[in-house]
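Enquirer: I am attaching a structure below and will ask some questions about it afterwards.
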Amino acid sequence: MGLGKRLTNNPLVQRTIGWVGGLYFFAVKHGIRWQIEIPQATQEILDRGGGYIGCFWHGRILLAPAAMERGRPLHMLISGHRDGLLVARGASFVGISTVAGSSRRGGAEAMRRIKRLLDGGQAVAITPDGPRGPRMRAKPGAIKIAQLSGAPLLPFSAAVTRRRLLGSWDRFCLAMPFCRGVVLVGEPIWVPTSLDEATAERLRLDLEQQLNGLTAEADRRCGQETVEPAPALDQLDHARA
């Protein structure tokens with residue numbers, strides 16, 4: 001095991017990283033002048049106060065607190081990997097509880113917990129391209145959660161006028177506090193409890209296209225060059241053929 005992994009597995013180091021991450025989440029939520037735009041159909045869902053599934057790209061995960069409704073807890077699905085757990089520690093500082101799991105680890109149990117939260121009228125946030133990508137390409141999991149729960153998918157994205165993009169697979173966005181930011185929310189996507197493969201794919205593409213459109217527009221309004229999606233899986237398969 002390398003030195004970096006040994007350090008991040010140390011409980012004291014984890015608590016320290018969590019504390020620093022919490023301060024960062026707080027600074028992003030309260031230290032940036034946010035403008036939030038929500039379409040009428042989505043606002044009506046929020047006003048009713050029922051369960052919903054907020055969807056945003058993995059690379060914008062640190063901007064998610066900006067979209068939280070005041071006075072309402074948010075539950076975020078994160079990877080059960082060490083990095084995801086460190087994010088969870090920081091998120092707890094701004095009132096975000098987390099559900100650990102992914103398509104590779106603990107997925108079935110995480111799905112059950114999410115369904116219970118949604119059935120109870122809670123708000124859940126997920127990253128359809130996480131935890132490993134491809135970047136800005138929606139996986140079928142979000143559609144499956146919406147199908148099982150009956151809760152709508154609410155896509156959203158955010159951008160800031162001052163940032164640093166990391167060289168990671170998701171082009172992870174680090175916002176600089178004390179700047180200006182934009183949160184754009186899309187139209188709700190309702191998934192029927194019974195659907196065929198073609199309908200599921202159409203809804204998945206709708207989610208992906210809305211998220212990419214919102215991200216590009218938010219970046220444009222903040223004067224930033226937008227992050228481009230990675231090649232879709234079918235494009236990669238074609239390139240390898």
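The values are calculated or read from the model by the stated rules, or taken from the named source; none is laboratory data. Worth saying up front: this structure is predicted, and the values here are computed from it rather than measured. For neighbour counting, all protein chains shown are included, and Cβ atoms are generated from backbone atoms with ideal geometry for every residue, glycine included. Please note that ligands, DNA and RNA were not included when accessible areas were found on the heavy atoms of the full protein model with its side chains. Shrake-Rupley method; radii C 1.70, N 1.55, O 1.52, S 1.80 Å.
Enquirer: For a quick check of your reading of the model, give me the residue pairs whose first member lies in region 223-238 and is closer than 15 Å to ARG164 by Cα and among the hydroxyl-bearing types (Ser, Thr, Tyr), whose second is surrounded by 12 or more Cβ atoms within 10 Å (Cβ to Cβ) and at pLDDT 95 or above, with beta-carbon atoms closer than 9 Å and at least 6 apart or on different chains.
Expert: Once the first residue is closer than 15 Å to ARG164 by Cα and among the hydroxyl-bearing types (Ser, Thr, Tyr) and sits in region 223-238, its partners that are surrounded by 12 or more Cβ atoms within 10 Å (Cβ to Cβ) and at pLDDT 95 or above give THR226/ALA159; THR226/ASN212; THR226/THR215; THR226/ALA216; THR226/GLU217; THR226/ALA218; THR226/ASP219; THR226/ARG220.
Enquirer: Something else now. Considering only region 151-165, state which residues are open to solvent by less than 40 Å² (accessible area, probe 1.4 Å) and farther than 13 Å from LEU211 by Cβ. Can you show your working first?
Expert: Narrowing region 151-165 to residues open to solvent by less than 40 Å² (accessible area, probe 1.4 Å): 151-160.
Selection gives ALA151, PRO152, VAL160.
Enquirer: Of the residues in region 172-192, how many are at pLDDT 95 or above, over 15 Å from the mean Cα position of the chain (by Cα) and either hydroxyl-bearing (Ser, Thr, Tyr) or assigned to a loop (DSSP other than H, G, I, E, B) (or both)?
Expert: 6
Enquirer: In contact with a helix residue (DSSP H, G or I) (Cβ under 7 Å, 6 or more places away or on another chain) and open to solvent by 10 Å² or more (accessible area, probe 1.4 Å): is that true of PRO140 in this structure?
Expert: Values: in contact with a helix residue (DSSP H, G or I) (Cβ under 7 Å, 6 or more places away or on another chain): yes; open to solvent by 10 Å² or more (accessible area, probe 1.4 Å): yes.
Answer is yes for this residue.
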